[in-house]
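The values are calculated or read from the model by the stated rules, or taken from the named source; none is laboratory data. Fair warning: this is a prediction, and the values are worked out from it, not measured in the lab. Cβ placement follows ideal geometry from the backbone for every residue including glycine, while neighbour counts extend to all protein chains displayed. Just so you know, the surface numbers come from the protein's heavy atoms only, side chains and all, with ligands and any DNA or RNA stripped out. Shrake-Rupley method; radii C 1.70, N 1.55, O 1.52, S 1.80 Å.
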Amino acid sequence: MEKLYAKDHNKCKLVKAKPETVEFLLNYSKSLKITKAKGISFESNMN
Amino acid sequence: MEHQVEDSLLIKRYIDGDERALAALIGRHNQRISSFIYSKVNDREVTEDIFQDTFMKVIRTLKRGAYSEEGKFLPWVMRISHNLIIDYFRKNRRLPMFEGADTFNIFSVIGDEKLNIEKQIIKDQIDSDLTLLIEELPNEQKEVLLMRIYKDMSFKEISENTGVSINTALGRMRYALINLRKLIDQNNIVLTN
(Lines give C-alpha, C1' and ligand atoms only; values in the text may rest on other atoms or scores of the structure.)
Protein backbone atom coordinates (compact mmCIF):
# COMPACT_ATOMS: atom_id res chain seq x y z
CA MET A 1 0.00 0.00 0.00
CA GLU A 2 1.19 3.47 -0.77
CA LYS A 3 2.67 5.17 2.24
CA LEU A 4 1.22 8.52 3.13
CA TYR A 5 3.65 11.00 4.63
CA ALA A 6 1.29 13.86 5.34
CA LYS A 7 0.73 14.22 9.09
CA ASP A 8 -2.65 15.82 8.78
CA HIS A 9 -4.81 14.30 6.13
CA ASN A 10 -7.92 16.23 6.73
CA LYS A 11 -8.03 19.47 8.63
CA CYS A 12 -11.76 19.80 8.25
CA LYS A 13 -13.08 19.86 11.75
CA LEU A 14 -16.52 20.52 13.03
CA VAL A 15 -16.52 23.34 15.52
CA LYS A 16 -19.21 25.40 17.15
CA ALA A 17 -19.12 28.89 18.58
CA LYS A 18 -19.09 28.85 22.37
CA PRO A 19 -22.37 29.36 24.27
CA GLU A 20 -20.87 32.61 25.69
CA THR A 21 -20.45 33.98 22.16
CA VAL A 22 -24.03 33.07 21.27
CA GLU A 23 -25.25 34.60 24.52
CA PHE A 24 -23.33 37.79 23.77
CA LEU A 25 -24.94 38.00 20.32
CA LEU A 26 -28.43 37.52 21.73
CA ASN A 27 -27.84 40.25 24.31
CA TYR A 28 -26.33 42.50 21.67
CA SER A 29 -29.42 42.03 19.55
CA LYS A 30 -31.75 42.83 22.45
CA SER A 31 -29.85 46.00 23.31
CA LEU A 32 -29.51 47.31 19.76
CA LYS A 33 -32.03 49.87 18.62
CA ILE A 34 -32.02 51.36 15.14
CA THR A 35 -33.82 54.57 14.36
CA LYS A 36 -34.23 56.01 10.91
CA ALA A 37 -34.29 59.70 10.16
CA LYS A 38 -34.04 61.38 6.78
CA GLY A 39 -32.95 58.16 5.13
CA ILE A 40 -30.04 57.67 7.53
CA SER A 41 -30.20 54.99 10.18
CA PHE A 42 -28.83 55.63 13.65
CA GLU A 43 -27.79 52.86 15.95
CA SER A 44 -28.02 53.01 19.69
CA ASN A 45 -26.97 50.42 22.19
CA MET A 46 -29.00 50.35 25.38
CA ASN A 47 -26.32 48.62 27.45
CA MET B 1 -34.98 23.50 0.96
CA GLU B 2 -36.91 22.91 4.14
CA HIS B 3 -34.37 24.99 6.03
CA GLN B 4 -34.60 27.86 3.57
CA VAL B 5 -38.33 28.20 4.09
CA GLU B 6 -37.92 28.03 7.81
CA ASP B 7 -35.05 30.51 7.73
CA SER B 8 -37.17 33.07 5.96
CA LEU B 9 -39.95 32.63 8.50
CA LEU B 10 -37.50 33.00 11.38
CA ILE B 11 -36.05 36.13 9.80
CA LYS B 12 -39.50 37.61 9.46
CA ARG B 13 -40.30 36.82 13.07
CA TYR B 14 -37.00 38.31 14.19
CA ILE B 15 -37.58 41.50 12.20
CA ASP B 16 -41.02 41.66 13.82
CA GLY B 17 -39.34 41.68 17.21
CA ASP B 18 -39.15 38.02 18.23
CA GLU B 19 -35.63 37.65 19.67
CA ARG B 20 -36.05 33.88 20.05
CA ALA B 21 -36.05 33.60 16.27
CA LEU B 22 -32.47 34.89 16.25
CA ALA B 23 -31.44 32.26 18.79
CA ALA B 24 -32.96 29.62 16.53
CA LEU B 25 -31.15 30.96 13.46
CA ILE B 26 -27.79 31.08 15.25
CA GLY B 27 -28.31 27.63 16.73
CA ARG B 28 -29.22 26.17 13.38
CA HIS B 29 -26.22 27.54 11.49
CA ASN B 30 -23.67 27.74 14.29
CA GLN B 31 -21.74 24.60 13.41
CA ARG B 32 -21.70 25.15 9.68
CA ILE B 33 -20.50 28.74 9.86
CA SER B 34 -18.02 28.12 12.68
CA SER B 35 -16.55 25.12 10.85
CA PHE B 36 -16.28 27.15 7.66
CA ILE B 37 -14.41 29.93 9.47
CA TYR B 38 -12.23 27.45 11.33
CA SER B 39 -11.32 25.67 8.09
CA LYS B 40 -9.83 28.96 6.86
CA VAL B 41 -8.22 30.47 9.95
CA ASN B 42 -7.36 27.29 11.84
CA ASP B 43 -7.60 29.02 15.20
CA ARG B 44 -10.42 28.60 17.71
CA GLU B 45 -10.19 32.10 19.21
CA VAL B 46 -10.10 33.81 15.82
CA THR B 47 -13.03 31.65 14.75
CA GLU B 48 -15.04 32.89 17.75
CA ASP B 49 -14.17 36.50 16.93
CA ILE B 50 -15.11 36.22 13.27
CA PHE B 51 -18.30 34.31 14.09
CA GLN B 52 -19.26 37.06 16.53
CA ASP B 53 -18.49 39.86 14.06
CA THR B 54 -20.41 38.04 11.35
CA PHE B 55 -23.58 37.82 13.39
CA MET B 56 -23.22 41.37 14.66
CA LYS B 57 -23.34 42.44 11.01
CA VAL B 58 -26.28 40.12 10.37
CA ILE B 59 -28.16 41.57 13.35
CA ARG B 60 -27.48 45.17 12.29
CA THR B 61 -28.53 44.52 8.70
CA LEU B 62 -31.73 42.73 9.72
CA LYS B 63 -32.65 45.43 12.24
CA ARG B 64 -31.98 48.16 9.70
CA GLY B 65 -34.38 46.40 7.33
CA ALA B 66 -31.62 46.23 4.73
CA TYR B 67 -31.83 42.47 4.17
CA SER B 68 -33.70 41.36 1.10
CA GLU B 69 -35.22 37.96 1.58
CA GLU B 70 -34.53 35.65 -1.30
CA GLY B 71 -34.33 32.43 0.63
CA LYS B 72 -30.54 32.68 0.74
CA PHE B 73 -29.85 33.43 4.35
CA LEU B 74 -27.02 30.94 4.85
CA PRO B 75 -25.08 31.89 1.67
CA TRP B 76 -25.44 35.53 2.68
CA VAL B 77 -24.07 34.88 6.19
CA MET B 78 -21.28 32.76 4.72
CA ARG B 79 -20.34 35.62 2.41
CA ILE B 80 -20.17 38.04 5.33
CA SER B 81 -17.91 35.65 7.24
CA HIS B 82 -15.83 35.09 4.11
CA ASN B 83 -15.28 38.84 3.78
CA LEU B 84 -14.34 39.07 7.45
CA ILE B 85 -11.87 36.21 7.01
CA ILE B 86 -10.27 38.13 4.15
CA ASP B 87 -10.11 41.24 6.36
CA TYR B 88 -8.45 39.16 9.07
CA PHE B 89 -5.76 37.88 6.71
CA ARG B 90 -5.23 41.35 5.27
CA LYS B 91 -4.73 42.73 8.75
CA ASN B 92 -2.33 39.98 9.63
CA ARG B 93 -0.58 40.19 6.28
CA ARG B 94 -0.35 36.50 5.74
CA LEU B 95 -1.87 34.14 3.29
CA PRO B 96 -4.38 31.53 4.31
CA MET B 97 -3.16 27.97 4.54
CA PHE B 98 -3.92 25.59 1.75
CA GLU B 99 -5.60 22.63 3.23
CA GLY B 100 -7.12 19.32 2.42
CA ALA B 101 -5.57 18.86 -1.00
CA ASP B 102 -2.15 17.77 -2.17
CA THR B 103 -2.34 19.86 -5.30
CA PHE B 104 -1.71 23.56 -5.21
CA ASN B 105 -4.39 25.53 -6.94
CA ILE B 106 -2.81 28.50 -8.65
CA PHE B 107 -6.19 30.20 -9.05
CA SER B 108 -6.48 30.58 -5.31
CA VAL B 109 -3.66 33.15 -5.35
CA ILE B 110 -4.13 34.74 -8.74
CA GLY B 111 -7.24 35.85 -10.48
CA ASP B 112 -8.27 38.17 -13.25
CA GLU B 113 -8.57 41.82 -12.36
CA LYS B 114 -12.04 42.21 -13.78
CA LEU B 115 -14.78 42.45 -11.18
CA ASN B 116 -17.36 39.73 -11.24
CA ILE B 117 -21.04 40.64 -11.28
CA GLU B 118 -21.40 40.47 -7.52
CA LYS B 119 -18.37 42.68 -6.92
CA GLN B 120 -19.56 45.08 -9.61
CA ILE B 121 -22.90 45.39 -7.80
CA ILE B 122 -21.10 45.99 -4.51
CA LYS B 123 -18.87 48.59 -6.17
CA ASP B 124 -21.91 50.37 -7.64
CA GLN B 125 -23.54 50.33 -4.21
CA ILE B 126 -20.41 51.80 -2.62
CA ASP B 127 -20.24 54.49 -5.31
CA SER B 128 -23.86 55.47 -4.76
CA ASP B 129 -23.46 55.43 -0.94
CA LEU B 130 -20.40 57.63 -1.30
CA THR B 131 -22.23 60.07 -3.56
CA LEU B 132 -24.95 60.46 -0.91
CA LEU B 133 -22.34 61.00 1.81
CA ILE B 134 -20.49 63.60 -0.23
CA GLU B 135 -23.77 65.51 -0.55
CA GLU B 136 -23.79 65.86 3.25
CA LEU B 137 -20.49 67.79 3.26
CA PRO B 138 -20.36 71.59 3.50
CA ASN B 139 -20.32 73.15 0.03
CA GLU B 140 -16.74 74.41 0.02
CA GLN B 141 -15.40 71.01 1.13
CA LYS B 142 -17.61 69.17 -1.34
CA GLU B 143 -16.40 71.40 -4.17
CA VAL B 144 -12.72 70.71 -3.46
CA LEU B 145 -13.28 66.99 -3.01
CA LEU B 146 -15.19 66.66 -6.28
CA MET B 147 -12.53 68.58 -8.20
CA ARG B 148 -9.70 66.56 -6.69
CA ILE B 149 -11.15 63.06 -6.78
CA TYR B 150 -13.64 63.08 -9.63
CA LYS B 151 -12.09 65.67 -11.94
CA ASP B 152 -8.52 64.75 -11.02
CA MET B 153 -7.49 68.40 -10.73
CA SER B 154 -4.30 69.45 -8.95
CA PHE B 155 -4.54 71.63 -5.83
CA LYS B 156 -3.02 74.48 -7.86
CA GLU B 157 -5.86 74.20 -10.40
CA ILE B 158 -8.42 73.91 -7.60
CA SER B 159 -7.09 77.06 -5.93
CA GLU B 160 -7.26 78.94 -9.24
CA ASN B 161 -10.82 77.77 -9.90
CA THR B 162 -12.17 78.46 -6.46
CA GLY B 163 -10.23 81.65 -5.77
CA VAL B 164 -8.65 80.41 -2.54
CA SER B 165 -5.02 79.69 -1.69
CA ILE B 166 -3.53 76.24 -2.21
CA ASN B 167 -3.26 75.83 1.56
CA THR B 168 -6.95 76.56 2.02
CA ALA B 169 -7.83 74.07 -0.70
CA LEU B 170 -5.60 71.48 1.00
CA GLY B 171 -7.25 72.20 4.34
CA ARG B 172 -10.73 71.86 2.86
CA MET B 173 -9.80 68.53 1.30
CA ARG B 174 -8.44 67.33 4.63
CA TYR B 175 -11.62 68.32 6.48
CA ALA B 176 -13.76 66.83 3.71
CA LEU B 177 -12.04 63.46 4.26
CA ILE B 178 -12.26 63.75 8.04
CA ASN B 179 -15.96 64.56 7.83
CA LEU B 180 -16.59 61.76 5.37
CA ARG B 181 -14.94 59.29 7.74
CA LYS B 182 -17.09 60.65 10.57
CA LEU B 183 -20.25 60.22 8.51
CA ILE B 184 -19.22 56.69 7.60
CA ASP B 185 -18.54 55.83 11.25
CA GLN B 186 -21.70 57.48 12.53
CA ASN B 187 -23.91 55.70 10.06
CA ASN B 188 -22.02 52.46 10.33
CA ILE B 189 -21.63 52.21 6.60
CA VAL B 190 -19.37 49.50 5.26
CA LEU B 191 -17.45 50.70 2.25
CA THR B 192 -15.48 47.65 1.30
CA ASN B 193 -15.48 45.53 -1.76
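Things worth noting here:
- Scanning the range B:58-66 for residues that are out of contact with any Ser or Thr (no Cβ under 6 Å at 6 or more places or on another chain), more than 7 Å from chain A (Cβ to nearest Cβ), in a helix (DSSP H, G or I) and open to solvent by 70 Å² or more (accessible area, probe 1.4 Å) turns up nothing.
- Among the residues examined, residue B:47 does not qualify as at the interface with another protein chain (Cβ under 10 Å from one of its Cβ atoms) and either touching a residue at least 24 places away in the same chain (Cβ under 8 Å) or part of a loop (DSSP other than H, G, I, E, B) (or both).
- Counting only helices (runs of 4 or more DSSP H) wholly contained in the range B:119-193, the ones carrying 2 or more residues that are loosely packed, with under 15 Cβ neighbours inside 10 Å occupy B:155-162, B:166-186.
- Subset of the range B:1-18 that is closer than 12 Å to residue B:74 by Cα and at pLDDT below 80 - its residue that is most open to solvent (accessible area, probe 1.4 Å): B:1
- Subset of the range B:67-80 [at pLDDT 80 or above, open to solvent by 60 Å² or more (accessible area, probe 1.4 Å) and not hydroxyl-bearing (Ser, Thr, Tyr)]: B:72, B:75, B:79
- Residue within the range A:27-38 that is open to solvent by 50 Å² or more (accessible area, probe 1.4 Å) and at pLDDT 90 or above present: yes
- Taken as a whole, the structure leaves residue B:74 outside the set of residues that are in contact with a Leu (Cβ under 9 Å, 6 or more places away or on another chain), more than 7 Å from every other protein chain (Cβ to nearest Cβ), of a type outside the set (Phe, Trp, Tyr) and closer than 21 Å to residue A:18 by Cα.
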